[in-house]
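Structure, as structure tokens:
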Amino acid sequence: MLPVFITAVAALGLGLVIGVVLGILVQGQIQFRGRRLQGTPSAVSGLLMSCFTAIMMTFLLAIVVPNGVLTRELRHRRDCTRHLQAIAAAAQQWQRAHPHTPRTALTLGALARYLPPGVGACPSQGNYALRERDGLPRCSVHGSLE
């Protein structure tokens, strides 16, 4: 989806630049010849439409791009929270299976068989670890569940 969006914006931006440059060149040619040539209204309207579209595109990009980044980060945070919850549940399963083993022996490697597929890495490139004092999972980017 993102490559299509970038390609569309690039094509629109290139078209706008060409439209503005050609509109300015045509206006210069019409004024240079010193007489009224046909096409002056078309050149002016094309130039105005290109400028208007460029301004609108700038405003839209100023709104869309930051919101897209914010949405992605919120999605990463949500997925990371789900991963942390799955790790906490796996730690409880491990403790039930190993009731006489101290909690300090608990590692992420020991939890691997209790974790659902896909859990193991934070979507924001963070690392998961278990806190020594209570064995709860923690993300290096998003923190812990508390």
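Bear in mind these aren't lab numbers, they're just calculated from the coordinates by the rules spelled out. Keep in mind that what you see is a predicted model, and the values were worked out from it rather than measured. Cβ placement follows ideal geometry from the backbone for every residue including glycine, while neighbour counts extend to all protein chains displayed.
Evaluated on the range 76-144, the Kirkwood hydrodynamic radius is 12.0 Å, with distances taken between all distinct Cα atoms. Each Cα pair under 8 Å and six or more residues apart adds its sequence gap; the mean of these over the residue count of the range 76-144 is a relative contact order of 38 percent.
Ignoring solvent entirely, what values of log10 I(q)/I(0) come out of the Debye formula for the range 17-119 at 0.10, 0.17, 0.23 Å⁻¹ when each Cα is a single scatterer? Relative scattering, expressed as log10 I(q)/I(0), comes to -0.56, -0.85, -1.10.
Expressed as an acute angle from 0 to 90° and rounded to the nearest 10, what is the orientation of the C-alpha long axis of helix 2-33 relative to the principal long axis of the chain? Orientation of helix 2-33: about 20 degrees from the principal axis.
For the range 27-125, which trypsin sites (Lys or Arg not before Pro) are in a loop by DSSP, counting at most 13 other Cβ atoms within 10 Å? Mind dumping the intermediate values first?
Working: sites: 33, 35, 36, 72, 75, 77, 78, 82, 96, 103, 113; in loops: 35, 36.
Loop-located and lightly packed - 35, 36.
Taking the helices alone, the chain has a mean residue ellipticity at 222 nm of -23500 deg cm²/dmol, built from -39,500 (n - 2.57) per DSSP H run of at least 4 residues and averaged over all its residues.
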